[in-house]
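Trainee: First the structure, then my questions, so here it is.
What follows is calculated from the coordinates using simple rules that are stated; it is not laboratory data. The structure displayed is predicted, hence computed values, not measured ones. Quick reminder, even Gly has a Cβ in these numbers, built from the backbone with ideal geometry, and neighbours come from all protein chains shown.
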């Protein structure tokens with residue numbers, strides 16, 4: 001499985017289990033890249049996937065957050 005899919009699966013699991021509660025701010029791309037030992041582009045691809053699924057939202061200048069309303 002490609003690293004971006006592994007990262008997306010890990011974050012998805014944390015979101016759906018409640019470990020990352022709605023409204024929780026995620027670390028920066030740089031922070032996630034360092035935490036998971038992957039390239040920044042890998043993090044960006046994983047976050048794009050999660051945004052497309054409606055699990056996270058990004059606000060320019062404010063960061064990326066777990067969506068308040070998770071899709072069913």
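Trainee: Starting from the Cα-Cα distance between residue 51 and residue 65, subtract it from 0.36 nm times their residue separation and give me the gain in nm to one decimal.
Mentor: 4.1 nm
Trainee: What value, in deg cm²/dmol to 500, does the helix sum -39500 (n - 2.57) over DSSP H runs of n ≥ 4 give at 222 nm once divided by the residues of the chain? Walk me through the intermediate numbers first.
Mentor: Details: 3 runs with 36 residues, N = 72.
The per-residue figure over the chain is -15500 deg cm²/dmol.
Trainee: Once fully extended, how much extra length lies between residue 40 and residue 24, figured as 0.36 nm per residue of separation less the alpha-carbon to alpha-carbon distance?
Mentor: Contour length minus the Cα-Cα distance gives 3.7 nm.
Trainee: Here are labelled values, [x] 12.0; [y] 16.0; [z] 13.0, and one is the computed Kirkwood radius over Cα pairs in Å for what I pasted. Which one?
Mentor: After the calculation, the listed value that fits is [x].
Trainee: Sort 36, 62 by Cβ crowding within 10 Å, fewest neighbours at the top. Spell out each step's value before the answer.
Mentor: On the way: 36 17, 62 9.
Final ranking by Cβ density, sparse to dense: 62, 36.
Trainee: Moving on to the next point. Measure nothing but the geometry: give the 0 to 90° angle between the long axis through the Cα atoms of 3-17 and the longest principal axis through the Cα atoms of the chain, rounded to 10°.
Mentor: That works out to roughly 30 degrees.
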